[in-house]
Amino acid sequence: TITLIGLLKTARLLRVIRVVRKADRYSETGAAILILLMFAFALIAHWLACIWYAIAIAERPSIPNPKYSWLDKLADEIHRPFNVSVSVSGPSITERYLTALYFTFSSLTTVGFGNVSANTSSEKIFAIVVMWFGALLSASIFGNVTAIIQRIYASTARYHSHKKKIKEFVKFHKIPYYLKCRLLEYFQHTWSYHKGIDMSSVLKSFPESLQAEVSLHLNRNLLKESTAFKMCTPSCLRSLAFKIESAHYPPGDYLVMQGDKLNFLYFISRGSVEVLRNDVVVAILGVGDVFGENFYKYRSVIKSNGNVRALTYCDLNIISKESLLEVLDAYPEFAEDFNNTLEITFNLRGVGTNLFILLQIFLNYPD
């Protein structure tokens, strides 16, 4: 029987609001939305099943012919009729609940199958409301399933769309096969890192204070581990973080060609590169190495004295000559420390040879 104490327990439903607020944090995830909608649909079906069962229980004493109710018809079908003198007669609680839940699910998703039907006036009114509500609920939930699935695979769709554009570009301009392979290989490699997301465009939508914090986080390893930035003040670090860029190179790609103007200072964070002069390997650089030139000391135009080629997939942090000099000129107290502590593993300036190069030549040609 339905009691006042039992009705008071419905106050627990207020907890659902708290659950919905927590679930809203994950609403941007397509899979989370889909699971949430399915859960909401099942929860609504459960509540309606409880109401459907409560109507049958409430009407039994007042119906002249109790067997007219769906609950009594269920008892007859499973050969477990109700007996007034036996309190535990009739279908079990499990059978009653499953039958009521079956009715609400079939009424919400379709118009029912007729094997569990509304017979009394109260049951018919409730069935009409459930079918009307089910039409709206199905349209709002299942009508959005396609959009939700598309959102889940949005990244994959962007990947194939971008790849198709590259292939069309290659076909239109008749790019040679080896260059086509390099283009596709570079695209696949870079996509595995950023999934087609342009970080610079994303950061531009935020205030500079947040951009600075994100830039510091993205370049934290370089700024903490490099000796050149040990004496850097917090404000100077923020300025440097804005200027540092990330670059990715597949094996075989040339980062610098001999005779090119040196415009960047390179810090290797992953992978290895080789430096060649006249097709002879004179140095192999790895994680933590720095190559380029000290632009603070040599501000004139500097040309590279060798080719730099990626041996493996490489990730580098690079800073342009103009950006670096801009920061150094803005913070002269840091500029001298930077000039004294910057350790360039391989100097690409076209004048002179250092001990590191001689060692590499000796290792390559021991005779």
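Residues that are assigned to a helix (DSSP H, G or I), exposed (fewer than 11 other Cβ atoms within 10 Å of the Cβ) and of a type in the set (S, T, N, Q) within segment 203-225 comprise just one, Ser209.
Just a yes or no: is a residue in segment 14-32 at pLDDT 65 or above and crowded, with 17+ Cβ neighbours inside 10 Å? Among the residues of segment 14-32, not one is at pLDDT 65 or above and crowded, with 17+ Cβ neighbours inside 10 Å, which makes the answer no.
Looking at Ala212, Ala228, Ala241, Ala283, just one residue is more than 21 Å from the chain's Cα centre (by Cα), within 26 Å of Pro332 (Cα to Cα) and in contact (Cβ under 8 Å) with a residue 60 or more places away in the chain, and that residue is Ala228. Pick out the one residue from Ile175, Ile166 that is surrounded by 11 or more Cβ atoms within 10 Å (Cβ to Cβ) and either in contact (Cβ under 8 Å) with a residue 40 or more places away in the chain or not in a helix (DSSP H, G or I) (or both). Unique residue meeting the criteria: Ile175. Determine whether segment 107-117 contains at least one residue that is surrounded by 17 or more Cβ atoms within 10 Å (Cβ to Cβ) and over 43 Å from the mean Cα position of the chain (by Cα). Looking for residues that are surrounded by 17 or more Cβ atoms within 10 Å (Cβ to Cβ) and over 43 Å from the mean Cα position of the chain (by Cα), one finds at least one in segment 107-117, hence yes.
You will find that of Val287, Val273, Val280, the residue that is at pLDDT 90 or above, surrounded by 15 or more Cβ atoms within 10 Å (Cβ to Cβ) and more than 16 Å from Glu322 (Cβ to Cβ) is Val273 and no other. In segment 33-54, what count of residues is obtained for those that are surrounded by 15 or more Cβ atoms within 10 Å (Cβ to Cβ) and either basic (Lys, Arg) or at pLDDT below 90 (or both)? Here the count works out to 6.
Confirm whether Leu203 is in the same structural domain as Arg238 (by TED's automatic domain parsing) and not β-branched (Val, Ile, Thr). Considered against the rule, which asks whether it is in the same structural domain as Arg238 (by TED's automatic domain parsing) and not β-branched (Val, Ile, Thr), Leu203 comes out as yes. Candidates Ile78, Ile63: the one that is of a type in the set (A, V, I, L, M), loosely packed, with under 15 Cβ neighbours inside 10 Å and at pLDDT 65 or above is Ile78.
Which members of segment 111-148 meet the condition of being polar (S, T, N, Q) and in contact (Cβ under 8 Å) with a residue 12 or more places away in the chain? Residues satisfying the conditions are Ser117, Asn119, Thr120, Ser122, Ser138, Asn144.
The values are calculated or read from the model by the stated rules, or taken from the named source; none is laboratory data. Here the structure is a predicted model, which means the values were calculated and not measured. Don't worry about glycine lacking a Cβ; one is built from the backbone with ideal geometry, like all the others, and counts go over all protein chains shown.
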